[in-house]
1. Would you mind checking the tilt of helix 156-170 against the longest principal axis of the Cα atoms of the chain, expressed as 0 to 90 degrees and rounded to 10?
2. Could you check how much of the accessible area of the chain is carbon and sulfur, as a whole percent, using a 1.4 Å probe?
3. Report, in deg cm²/dmol and to the nearest 500, the calculated mean residue ellipticity at 222 nm for the chain, where each DSSP H run with n ≥ 4 adds -39500 (n - 2.57) and the sum is divided by the residue count.
4. If you rank Thr371, Thr421 by how much accessible surface each has, with a 1.4 Å probe, what is the order from largest down?
5. Using the alpha-carbon atoms, what tilt in degrees (0 to 90, nearest 10) does helix 389-402 show relative to the longest principal axis of the chain?
6. Compute the long axis of helix 59-76 from its Cα atoms, compare it with the longest principal axis of the Cα atoms of the chain, and write down the angle in degrees, 0 to 90, nearest 10.
7. From the backbone phi of segment 409-421, what are the Karplus-calculated ³J(HN,Hα) couplings (6.51 cos²θ - 1.76 cosθ + 1.60, θ = phi - 60°) in whole Hz, Gly and Pro given as x?
8. Label-point separation (nm) for Lys354 and Leu153, each offset 7 Å from Cα along Cα-to-Cβ?
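The values are calculated or read from the model by the stated rules, or taken from the named source; none is laboratory data. Computed from a predicted model, the values in this text were never measured in an experiment. Positions of Cβ are backbone-derived with ideal geometry, glycine not excepted, and every protein chain shown enters the neighbour counts. SASA here: full protein model, heavy atoms, side chains in, ligands and nucleic acids out. Shrake-Rupley method; radii C 1.70, N 1.55, O 1.52, S 1.80 Å.
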Amino acid sequence: MDLLASQISNIQQQQWPRLIAVLVNIFGAHNLQLAEDVLQDAFAIAWQEWRKKGVPEHPSAWLITAARNKALDAIRRKSTASKHAEYLSHQTENEWHSSSTLESAFTEDQIQDDQLRMLFCCCQKEITSENRLPFMLKHLCGLSVQAIAESLLTSPSTIKKRLVRTKQKFQTFELSMPEDKAFPRALDSVHTALYLLFNQGFHASQGKSRINLMLCKDALGLMKLLSEENAIANQDTFGLRALMFFQISRVNSRVDSQGANVPIDLQDRAGWKQDDIFKGNRLIGYASAIPKLGTGRFYLEARIAQQHSNAESFESTNWPLIVDLYEQLISITSSPIAILNQAVAIAYAGNVSKAIDQVESVRDSSTVLSTSHLPDAVLAHLFAKKGVESKAYAHAQKAMQIGGTEHENKIMLAQITRLLT
């Protein structure tokens with residue numbers, strides 16, 4: 001791809017989510033295909049013009065004009081007049097009035113409002129998590145089918161099928177914000193979806209980087225949109241955005257030159273991005289002061305990440321505070337994974353025996369962990385920390401028999417060896 005084509009492609013990815021949201025609001029969610037067709041036509045014109053004359057100084061404004069004109073063309077066509085969104089149906093008879101209405105539909109404030117509506121609509125419970133992520137990547141992040149397939153480590157044909165299924169469901173929705181009574185649960189669903197989107201990028205396993213920064217940045221961009229809406233944002237909104245900044249601050253130290261994950265105790269903290277940590281700390285300050293509390297899950301996860309991010313060394317981390325924060329998180333989520341993580345914190349706070357007892361207890365009582373390799377992997381780590389070599393390697397062997405990737409198992413064995421020497 002030549003430089004100009006790459007530049008135009010990047011602009012298309014940036015502008016697609018903004019403009020598709022406006023067009024869906026204009027035509028209605030039931031006319032998603034029409035909105036896509038109109039936008040594709042606008043981008044086709046841009047490709048033709050820009051390859052001849054170069055990219056304009058303000059490509060966003062150029063595309064808004066093109067999309068608005070194409071939308072007006074669609075409204076003029078009598079064959080589609082009956083399919084328009086309800087709020088436009090009474091205006092389409094007067095061409096000037098339609099043009100005026102479309103002018104106001106593409107203002108920056110309206111675009112952001114429409115993006116929020118799209119975001120909430122994509123996160124409705126009727127859309128399964130398997131289908132939601134590809135749909136979000138296409139319509140909220142502007143990724144192509146090929147890019148989505150590469151990001152999710154699957155085939156383009158699989159992604160196309162998921163997009164078709166999701167489109168059919170999406171077209172039955174009304175593009176509007178949830179009612180007050182349903183809003184807290186809807187906002188939590190949006191938080192969870194963006195958390196999964198970020199993690200899909202941060203814990204990627206493709207290529208040498210093992211981190212797909214594009215997905216992380218897309219998630220951060222949507223979190224920015226969400227957190228800047230004062231009527232919407234709650235403590236978890238700021239907490240989740242802070243958590244993402246704390247995580248992404250370590251991006252340059254989290255993998256080595258071969259693409260292998262580097263445990264946090266071995267990461268070069270001089271490479272952690274202090275500006276991202278500063279942003280995370282500032283957002284935690286906002287979250288702590290905001291009266292709208294949310295569930296507390298993402299706020300607490302962010303505060304845990306904050307302790308790691310602000311510690312000068314792994315040894316000087318405030319482990320007792322992390323144990324307390326996990327206790328609060330467990331009381332909210334009852335998550336067995338949080339219980340495992342708390343056990344590790346308990347061990348580094350100085351009580352390895354208690355940590356081992358906790359892992360053995362949750363392993364025996366949790367149905368979620370009954371077929372997981374994680375309890376034995378954690379026990380291998382804890383027994384190695386305690387200096388009991390035979391049990392450390394026995395649990396490591398069992399963990400490898402149950403599951404875990406080759407890469408994960410390699411890291412586990414390296415950590416055991418390091419702790420025992």
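1. That helix lies at roughly 70 degrees to the long axis.
2. Values: 10110 of 20410 Å².
Ligands and nucleic acids excluded, carbon and sulfur give 50 percent.
3. Numbers: 20 runs with 291 residues, N = 421.
-22500 deg cm²/dmol, from helical runs alone.
4. Working: Thr371 115, Thr421 135 Å².
Solvent-accessible surface, decreasing: Thr421, Thr371.
5. 30
6. That works out to roughly 50 degrees.
7. These are the phi-based 3J(HN,Hα) values: 5, 5, 5, 4, 5, 5, 5, 4, 4, 5, 5, 8, 9 Hz.
8. 3.7
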